[in-house]
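> First the structure, then my questions, so here it is.
What follows draws every value from the coordinates through simple rules; no lab data is involved. All figures in this text were calculated on a predicted structure; none of them were measured in a lab. No Cβ is skipped: glycine too gets one built from the backbone with ideal geometry, and neighbour counts run over all protein chains shown.
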Amino acid sequence: MHPLGVSRPPLEVADLPQPEQVFGVEHLGRREMWRYALGPSLIALGAAIGSGEWILGPLTIGASGFAGIAWLITVAVLLQCVALVEIARWVTATGEAPIVGFARVPPGRRLWIPLALFAIFAALILGGWAKASAKSLFALVAGHAAGPGDSTTVQLLTFALLGAVVAIIWAFRRITRGLELVNALLIAAEVAFLFVVCLFVVPWDGWWQGIKGFVQPGMPPRGTSASDLGAVVGFAGLTAGLNWVFLGHYRDKGYGMGHRVGFLAGGRGGKQSVRSCGYTFPDDAENTACWRRWYRLLRLDVYGLFLPGALVGMLLPTILVRQLALDSGTSPTAANIETFAADQLGAGHGRWLFYATLLVGFLIIFDTLVGILEVLGRNVTDAASTSPSIQARIEQDPRRFYFPAMAAVLVVIGTMTTFTQPATLVQISANITNAAAMIFPFALIYLNRRLPKAARPPRYAIAVLVGNAVFFGFFFVNFVAEKVSGSPLVTF
């Protein structure tokens, strides 16, 4: 047994399983690796593309341009990629979901579990994605954007789509694998469609302005406040300080010790026990070599799939919306961002493109909704697993808690969507994730520095985690200052 942290049982000690053992192949070559081993980051990427990439990025850049804004998105994505690797390091080395690991950080689960759940729900329960996908679906069916008189229909569609998410997840045998396949197909279709449309609509100068904006540092446009940019960077890539909510999928994929802990099955997957406490491995040559193989896989998953997907997923919608704003002389607003591109493309290039763009926009945002609702239920279930009494009641079958939790979340999100516009909800959510970035990187540093020596993070990774707290914290402080005093601390 290996004691680690406080208020949680010691980690059991066992050898790391070999990747071939986990994925059921004789040799994990390049073909087998892409077919079986990679994929958890696609679930995170699917959620990322529908928030920052399809809503907040185009909303801000469509009105203000790339200069001084887009490069901050690149910084945010790079910082988050390092953070994703570090979170996956913990999950792979112990098999424990991040929220379960945080319960080991002093003073223990009585602080960290409620704090983590509050942060998750404060940021993700607002439901901007649910209503945004409903507005896109309404426009797709009705042929026009929803107006003030369509609010009841949009609200009914919101509840219907939330229910559809639960039904989809129930239908999976193995939730993580099902989400990987769905996200792979949707992301490929979405990126291909946007690329082709951008080739025909955006001139080369527009492409160049976008690419240059993402790599060339500069001051934001005059008059822009730091709190205005906080929403964009908070959901650029993923969810700033709450990106860990998606990384429990590495456990369910079977990465490292996740193979020994178990996975969350869908409604048709049969009973699957999931241990509430993880493992660690001996510091010997054999386990060190095995760890390096797992570490290469998770780095490839993040840097080979998530990083390029996040950057391309942000570039294409932003250059498209920016060009459409310039051509039409109008800018997207929080009220019409979900249908802005479809309206402009339909008006200038044919009605069929209006419907095609709406369909793609709907799929992008609905894909995010699936990911958001699933991780809410997942993290509540993982948090509940730290309670011995709840563990006894569900008899190691987490579905008994998971699906009722998702149903409760569905009702709350559906209610929250009645209050304001989806883009406004997402902006608030993004700034809350910036606050989480000031807290959870330090908890992660505590945990990872206590792993077996082979799995401990390098110094640069610790420095980047601190950089996450400083970078995203700067925008959150300005957001709070503006809400409290009426004026931001920093205006460019």
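> Subtract the Cα-Cα distance of His349 and Phe200 from 0.36 nm times their separation in residues, and report this length gain in nm to one decimal.
Stretched fully, the His349-Phe200 segment lengthens by 52.6 nm.
> In the chain, if the dipole is taken from +1 on Lys/Arg beta carbons and -1 on Asp/Glu beta carbons about the Cα centre, which of Gly254, Asn431, Ser387 is farthest to the positive end?
Ser387
> Still on this model: Taking the Cα centre of the chain as origin and charging only Cβ (+1 Lys, Arg; -1 Asp, Glu), how large is the dipole, in debye to the nearest 20?
With Lys and Arg at +1 and Asp and Glu at -1, about 1020 debye.
> Based on DSSP H runs of at least 4 residues, each adding -39500 (n - 2.57), what is the mean residue ellipticity at 222 nm of the chain after dividing by all its residues, to the nearest 500 deg cm²/dmol?
The helix contribution divided over the chain gives -21500 deg cm²/dmol.
> I need the shape label for the chain. Rule: rounded when a/c is under 1.5, else prolate if a/b > b/c, else oblate, with a, b, c from the alpha carbon gyration tensor.
Verdict is prolate for the chain.
> Given an 8 Å cut-off on Cα distances and at least 6 residues of separation, report the relative contact order of the stretch 12-485 as a percent.
Contact order relative to length: 35 percent.
> Turning to a different aspect of this structure: Pull out a ≥ b ≥ c, the square roots of the eigenvalues of the alpha-carbon gyration tensor of the stretch 1-50, then state rounded if a/c is under 1.5, prolate if not and a/b is larger than b/c, and oblate in the remaining case.
oblate
> Can I ask one more? Which lysines have a Cα less than 17 Å from the Cα of Lys453, not counting those fewer than 8 places away in the same chain?
The reachable lysines, counting only those whose Cα sits under 17 Å from Lys453, number zero.
> Here's a follow-up. For the stretch 370-492, rounded, prolate or oblate, judged on the Cα gyration tensor with a ≥ b ≥ c (square roots of eigenvalues), a/c < 1.5 rounded, else prolate if a/b > b/c?
oblate
> Still on this structure: Using only Cα atoms and rounding to the nearest 10 degrees, what angle (0 to 90) does helix 128-142 make with the longest principal axis of the chain?
The helix 128-142 is inclined about 50 degrees to the chain.
> Arranged from highest to lowest average of other beta-carbon atoms within 10 Å per residue, in what order do the peptides 456-463, 26-33 appear?
456-463, 26-33
> Mind checking which aspartates and glutamates have their C-alpha under 19 Å from Lys131, skipping anything on the same chain fewer than 8 residues away?
Hits, sequence-local ones excluded: Glu53, Asp150, Glu338, Asp343, Asp367, Glu374.
> Given the peptides 178-190, 312-324, arrange them by the average over their residues of other C-beta atoms within 10 Å, most packed first.
The densest-packed peptide leads the list: 312-324, 178-190.
> List every residue whose amide H lies under 5 Å from the amide H of Gly68, counting only residues 5 or more places away in sequence or on a different chain, with H placed 1.01 Å from N in the peptide plane.
Residues meeting the amide H criterion: Gly218.
> Determine, for each peptide in 244-253, 101-110, 197-206, 132-141, the mean count of other beta carbons within 10 angstrom over its residues, then list the peptides with the highest first.
Ranked from most to least packed, the peptides come out as 244-253, 132-141, 101-110, 197-206.
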